[in-house]
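Notes follow the structure.
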Amino acid sequence: MSKVCGLIKNELIKQYKKTSVKVIVILTLLASIMLPVALKFLQNRDESKWYINSYNQEIQWQQTEITNIDSSKKNKDIQKKIFEENIKKSQILIDNNVSWDDWRNEVAGEASNKSKEAIILSGISDGLVGEELFFNIHEFDVNMLNEYIDMSKENIQKAIDSKNKESKELYDSVIKNDYLGYLDKNIKASKEETKNLKATIKTSEGEVKKNPNNKNLVISLEESKAQLDALEKRLKATEYRYNNKIPYDNKNWKNNTIRDIAYKIDENGGRLLSETEFTQYNSEKIAKGYTYEEYKKDYEKKSKSIEQDIALDWYSLENNIPQVKFDNDIRNSVDRTYLMYVSVAIILCIIIGGGIVSSEYSTGTVRLLMIRPVSRWKILFSKLVSVFIIGYGVLLTTVILNIISSGIVNGFGGLATKVISFSGESIVEQSFIISIIPKLLFSSISLIFIIALVFAISTIIKNTALAVGLTTVAYLGSSVATMIMANLGMRWVGKTILPYMNLSTFITNSQYTEMFKSEYSIVLSSTMGAIQLIVFATILIIASFLVFQKRDVMN
């Protein structure tokens with residue numbers, strides 16, 4: 001054992017003395033320190049110039065449209081007023097620094113639409129109809145205002161005054177940033193909508209009892225119930241925001257959590273299709289072998305996953321535990337970057353492993369190794385272990401440095417915040433560091449396989465360039481190759497190791513497996529992929545030792 005340890009030590013020293021290795025390791029370590037700093041800068045940068053510039057461009061375009069109005073048309077004044085209203089809305093957004101995802105942007109749009117409806121009504125009041133009124137006005141459904149055409153001028157004027165009043169109130173809420181008033185209005189409207197929907201459902205239930213075989217009535221009732229369920233869930237989230245005075249701020253984790261609840265509710269809104277409907281709407285998937293039974297299982301799995309996500313969101317809010325993805329703290333910074341270092345370690349090991357054996361043959365130093373009183377397998381074993389030590393050493397060091405750097409930038413206090421997740425049917429809390437270790441170890445199975453692959457090529461073929469080139473192409477090109485083969489209908493690619501070369505993808509991209517199943521009817525299992533990589537890595541290592549043991553070094 002002492003001889004093996006000595007060989008490993010000598011191999012590590014030999015590799016460390018290489019200038020290329022030193023440079024790569026130093027750059028990698030520097031990157032692990034600087035990346036959290038760069039992320040913090042990007043989070044804190046002022047993005048207002050992007051949307052302000054967009055609003056200014058919109059104003060310029062609207063001003064150009066005004067100059068291009070055809071003065072011979074009867075609705076020229078209507079057109080001008082609508083363009084001026086668009087300019088007014090954009091200017092209010094600029095003056096109040098309203099971003100694209102700010103609640104005020106949506107409200108300003110509502111206010112603008114109310115004002116433009118009033119402008120159209122003024123044209124109706126003046127006797128304009130059809131093409132005379134709607135020429136070059138593309139923002140409205142012509143039929144939307146049909147109810148006003150036969151009204152008296154007095155009633156139309158009342159409607160104009162009402163819409164202008166609503167528009168002013170909405171614009172005022174934008175200018176005052178009165179999100180509580182906006183929420184209060186939404187809550188009242190949602191409660192009224194809930195009340196009306198319940199009445200509709202009650203009526204529909206009566207109709208279904210009279211006509212139980214009418215599929216359209218049954219489907220309509222199911223959709224109304226699903227709509228009511230979603231409406232009540234969104235109302236609960238809105239009331240929570242209102243009662244706890246949670247502002248619309250992207251840097252506020254509670255705001256982000258409530259938004260996620262609303263998003264998940266909408267995502268889970270679709271009902272389970274009947275077999276007839278499934279056949280009607282999924283001909284392409286059915287042609288690829290996707291069955292109704294698979295669809296039902298996927299639907300139930302997706303629904304359960306969304307329900308668990310919503311449950312986590314509510315647990316987070318009620319127990320004041322920010323989830324990692326919604327809080328800009330040390331956990332979020334580390335979570336977004338730590339798996340990147342698996343790929344960095346892999347690239348480093350490809351470079352080192354590609355020449356660790358083959359270079360001994362090309363330089364002739366393999367003969368010097370063979371005259372030592374040490375077994376061949378020990379020589380090869382020391383080289384293999386050296387690559388593993390370098391790979392995992394760099395991986396562990398970069399992750400630790402990343403955590404330290406993230407803590408310096410964001411504060412270490414966030415590490416005390418627990419991570420919540422589902423374990424079976426229950427929500428559990430655990431340390432953030434403990435939570436990332438299994439993910440890191442799982443992703444590093446790719447590192448094990450790549451080391452085995454580049455080591456085998458270097459040992460068996462004795463060509464450094466080929467070892468580095470083939471392994472790099474295999475690792476970086478595996479995802480592209482998988483997509484190409486999937487598009488060509490080669491569903492069996494899911495049973496090969498190609499989709500699993502980079503296991504980090506299955507952790508960082510939660511939609512990866514779902515995309516392959518929905519688009520190509522290919523079922524991917526990261527667990528099966530990890531097992532395949534370990535088995536192939538073992539075979540490659542055994543093959544390397546067998547060849548090295550029997551090879552004539554004179555060749």
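The values are calculated or read from the model by the stated rules, or taken from the named source; none is laboratory data. As the structure is a prediction and not an experimental result, all values here were calculated from the model. Positions of Cβ are generated from backbone atoms using ideal geometry, with glycine treated the same way; all protein chains shown enter the neighbour counts.
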* Within the stretch 246-261, tally of residues that are exposed (fewer than 15 other Cβ atoms within 10 Å of the Cβ) and without any contact (Cβ under 8 Å) to a residue 40 or more places away in the chain -> 1
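Residue-by-condition table, conditions (1) surrounded by fewer than 16 Cβ atoms within 10 Å (Cβ to Cβ); (2) at pLDDT 85 or above; (3) assigned to a helix (DSSP H, G or I):
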| site | (1), (2), (3) |
| --- | --- |
| TYR16 | yes, no, yes |
| VAL21 | no, no, yes |
| SER32 | no, yes, yes |
| PRO36 | no, yes, yes |
| ASP46 | yes, no, no |
* Asked: So which residues in the stretch 460-483 are of a type outside the set (A, V, I, L, M), at pLDDT 90 or above and closer than 17 Å to CYS349 by Cβ?
  -> GLY469, THR471, THR472, TYR475, SER478
* Return yes or no: is SER521 in contact (Cβ under 8 Å) with a residue 24 or more places away in the chain, assigned by TED's automatic domain parsing to the domain that holds TYR361 and within 30 Å of ALA287 (Cα to Cα)? => yes
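Here's the yes/no breakdown for (1) over 21 Å from PRO322 (Cα atoms); (2) surrounded by fewer than 19 Cβ atoms within 10 Å (Cβ to Cβ); (3) at pLDDT below 90; (4) in the same structural domain as LEU312 (by TED's automatic domain parsing):
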position: VAL374; (1), (2), (3), (4): yes, yes, yes, no
position: LEU384; (1), (2), (3), (4): yes, no, no, no
position: TYR392; (1), (2), (3), (4): yes, yes, no, no
position: LEU396; (1), (2), (3), (4): yes, yes, no, no
position: VAL399; (1), (2), (3), (4): yes, no, no, no
position: PHE422; (1), (2), (3), (4): no, yes, no, no
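This table checks each residue for (1) out of contact with any Cys (no Cβ under 6 Å at 6 or more places or on another chain); (2) buried (at least 19 other Cβ atoms within 10 Å of the Cβ); (3) not aliphatic (A, V, I, L, M).
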position: SER446; (1), (2), (3): yes, yes, yes
position: VAL473; (1), (2), (3): yes, no, no
position: ILE484; (1), (2), (3): yes, no, no
position: ASN502; (1), (2), (3): yes, yes, yes
position: TYR512; (1), (2), (3): yes, no, yes
* Structure fact -> Flagged in the stretch 133-166 as surrounded by 12 or more Cβ atoms within 10 Å (Cβ to Cβ), at pLDDT below 85 and not β-branched (Val, Ile, Thr), in numbering order, are LEU133, PHE134, PHE135, ASN136, GLU139, PHE140, LEU145, TYR148, MET151
* Restricting attention to the stretch 301-311, does a residue exist that is of a type outside the set (A, V, I, L, M), in contact with a strand residue (DSSP E or B) (Cβ under 8 Å, 6 or more places away or on another chain) and more than 30 Å from PHE455 (Cβ to Cβ)? -> yes
